[in-house]
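The values are calculated or read from the model by the stated rules, or taken from the named source; none is laboratory data. As the structure is a computational prediction, the values presented were derived from the model and not from experiment. All Cβ positions, glycine included, derive from the backbone under ideal geometry; neighbour counts span all protein chains shown. These area figures cover heavy atoms from the full protein model, side chains too; ligands, DNA and RNA do not enter into them. Shrake-Rupley method; radii C 1.70, N 1.55, O 1.52, S 1.80 Å.
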Amino acid sequence: MADILIDLRAKILERGPNGIKCISRIFRHMNVGHSERLSLKKFSDSLKAFGLSLPESSVEELFKYIDKNGKNEILFEEFLQALRPPMSQTRISIINEAFAKFDQTGDGVITVEDLRGVYSVKRHPKYLNGEMTEDQILRTFLDVFDQGVKDGTVTKEEFTDYYSGVGANIDTDEDFVKMMKTAWEI
């Protein structure tokens with residue numbers, strides 16, 4: 001199973017940063033009901049539309065591996081998570097450092113209240129022109145990391161998943177750390 005997943009990941013990433021975007025568009029297009037769930041047939045058709053020719057047995061094996069709950073359908077997000085390569089300890093450490101900077105209360109989630117002390121909106125164009133309040137801008141910022149239900153809280157898992165996806169397009173740990181330190185001033 002691991003070989004099939006590694007081969008699929010490599011074929012998608014061969015197309016560079018647009019590989020994931022392209023297969024995402026195809027999957028969303030195949031998902032006629034917009035339920036974000038794919039049947040085995042839609043999954044197989046999506047891979048073919050992307051130009052990946054895998055034996056049917058490999059597609060079935062991959063589908064079953066991704067279908068963690070055994071309901072014969074996969075969530076699109078589950079597919080994306082399966083594609084992401086494992087992160088090194090170096091990347092995990094810098095992600096944890098950034099998360100800790102924002103989790104001011106230390107309760108394991110980032111909220112608008114946590115952001116107030118570490119993220120300034122004072123120069124944001126929509127704040128300056130009065131279009132959005134500080135809370136609205138902070139909430140919009142949180143929603144970037146908040147997966148699934150947009151509940152105004154970002155867990156460490158959501159934050160890590162987000163950066164796992166970002167990191168898939170950054171070749172070296174050194175470049176990833178540099179990006180994180182620059183972005184979060186750590």
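Using a cut-off of 13 Å between beta-carbons, work out the net charge of the residues near residue 21 (Lys and Arg +1, Asp and Glu -1, residue 21 not included).
Details: positive: 15, 25, 28; negative: none.
Charge balance in the 13 Å sphere: +3.
Just name one of 55, 30, 66: the one whose Cα is farthest towards the positive end of the charge dipole of region 1-83 (beta-carbon charges, Lys/Arg +1, Asp/Glu -1).
Result: 30.
About the Cα centre, and with charges only on the beta carbon of Lys, Arg (+1) and Asp, Glu (-1), how big is the dipole of the chain? Nearest 20 debye, please.
Working: 25 positive and 31 negative charges, 116 e Å.
In debye, rounded to 20, the chain gives about 560.
In square angstrom, what is the accessible area per residue of region 1-83 with a 1.4 angstrom probe?
Details: 4800 Å² over 83 residues.
Spelled out: the 1.4 Å probe surface of region 1-83, per residue, equals 58 Å².
Out of the total accessible area of the chain (probe 1.4 Å, heavy atoms of protein only), what percent is carbon and sulfur? Could you put the intermediate results ahead of the total?
Working: 5570 of 10740 Å².
That fraction is 52 percent.
Under a 1.4 Å probe, what is the accessible area of region 98-186 per residue, stated in Å²?
Details: 5170 Å² over 89 residues.
Using a 1.4 Å probe on heavy atoms only, each residue of region 98-186 averages 58 Å².
Using the structure shown, list the pairs from 21/71; 68/150; 11/101 with a Cα-Cα distance above 30 Å, or answer none. Intermediate results must be reported in sequence, preceding the final value.
Working: 21/71 26 Å; 68/150 23 Å; 11/101 36 Å.
Checking Cα-Cα distances, 11/101 exceed 30 Å.
If you take the charge dipole of region 66-186 about its Cα centre, with +1 on Lys and Arg Cβ and -1 on Asp and Glu Cβ, which of 130, 106, 168 is farthest toward its positive end?
Checking the options against the dipole of region 66-186, the answer is 130.
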